[in-house]
1. Each residue of the range 195-206 in turn: what ³J(HN,Hα) in whole Hz from Karplus with 6.51, -1.76, 1.60 and θ = phi - 60°, glycine and Pro shown as x?
2. Using Cα-Cα distances under 8 Å and only pairs 6 or more residues apart, what relative contact order does the range 41-178 have, in percent?
3. Projected area of the range 161-216, taken from the Cα convex hull and averaged over every viewing direction, in nm²?
4. Take the eigenvalues of the Cα gyration tensor for the range 147-253, scale each by 5, and report the square roots as semi-axes in whole Å, largest first.
5. Return the long-range amide H neighbours of THR150 (sequence gap of 5 or more, or a different chain), with a cut-off of under 5 Å between placed amide H atoms.
6. Quick one: pull the percent of accessible area on the range 128-253 belonging to carbon and sulfur, 1.4 Å probe, ligands and nucleic acids left out.
7. Probe radius 1.4 Å, ligands and nucleic acids left out: which of THR240, THR106 has the largest accessible area, and how do the rest follow?
8. Using the Karplus curve 6.51 cos²θ - 1.76 cosθ + 1.60 with θ = phi - 60°, work out ³J(HN,Hα) for each residue of the range 221-229 in order, rounded to whole Hz, and write x for Gly and Pro.
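The values are calculated or read from the model by the stated rules, or taken from the named source; none is laboratory data. Note that the structure is predicted; figures quoted are calculated from it, not measured. FYI the Cβ positions are ideal-geometry reconstructions off the backbone, even for glycines, and counts take in every protein chain you see. The area values use the complete protein model at the heavy-atom level, side chains included, leaving out ligands, DNA and RNA. Shrake-Rupley method; radii C 1.70, N 1.55, O 1.52, S 1.80 Å.
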Amino acid sequence: MLLILSVIIGTCLVAFALVKLIDKFLPSGARPVVSILLWAASFFLAYLIYNSVMKPIRFDEAKNERYRVAVQTLIDLKKAQLGYKKVNGEYADSFDKLVSFIDNGTFDIITRKDTTIIDRKKNKAFNIIVDQTGSGGFFKDTVIINKIGTVTVKDSLFKGNERYKNLSSVKFKDFEVPVEMKTGFVYRNETKLPVLEATIDKNALLADLDQELLAQENKVEDINEINGDKVILGSLVDVTLTGNWPKRYGNNE
């Protein structure tokens, strides 16, 4: 803002100096017309300079507002898919399946208790005979798990809001941008692991903004920005659900 004011003030000072020179050297009859034209040209130039400075500022403000909405949608999608995977062992391959799971699914409420028990197998291998207390024999650590109830997926993940019903798109004011989601599996050490990737196209999200600045945005390479032409969650080749956005837009871990 200080730069803008400096440019405008500087332009006005130049115009004022020109008017003074004209007032000194031009014939009196031509002075009013030339002075008015110079002042008009000066103000027009100041407007052009102001607009050129403000254009990227306005772009960044609009971009940041939309990125926050897009990132929140992907964070909600991640939360929902992790819940689905916890119950089903894989990610939902459609938004309808995911919404149905949230509306109708339940999570088990369990307790876990670390304890030590008699290692009867090892005692038998070493021909050790023990009483009910296991005194003199081997013990092993174990975890006792007990189910004590259930809770609905909706209350557990999205209590008090229904954002999960709109995970398939980003809605911003008068337009809507689709979320592209793909699922699959990769193998790591002969283990089959589920993977997920969801993307939002920057060009669609910022379609009504300045196209020259949008082209620059698609090429940005900065740890404080969203690099590339898409907002991305997860990967189809790596077992990860991190996002490609900086933390100022939302948690990406």
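1. 9, 9, 9, 10, 9, 10, 6, 4, 4, 6, 5, 10
2. Relative contact order of the range 41-178: 28 percent.
3. Dividing the Cα hull surface by four gives the mean projection, 6.4 nm².
4. Listed largest to smallest, the semi-axes of the range 147-253 are 29, 21, 13 Å.
5. Under 5 Å from the amide H of THR150 lie the amide H atoms of ILE109, each far enough along the sequence or on another chain.
6. Here carbon and sulfur together make up 47 percent of the probe-accessible area.
7. THR106, THR240
8. Coupling constants for the range 221-229: 9, 7, 5, 9, 10, 8, 6, x, 9 Hz.
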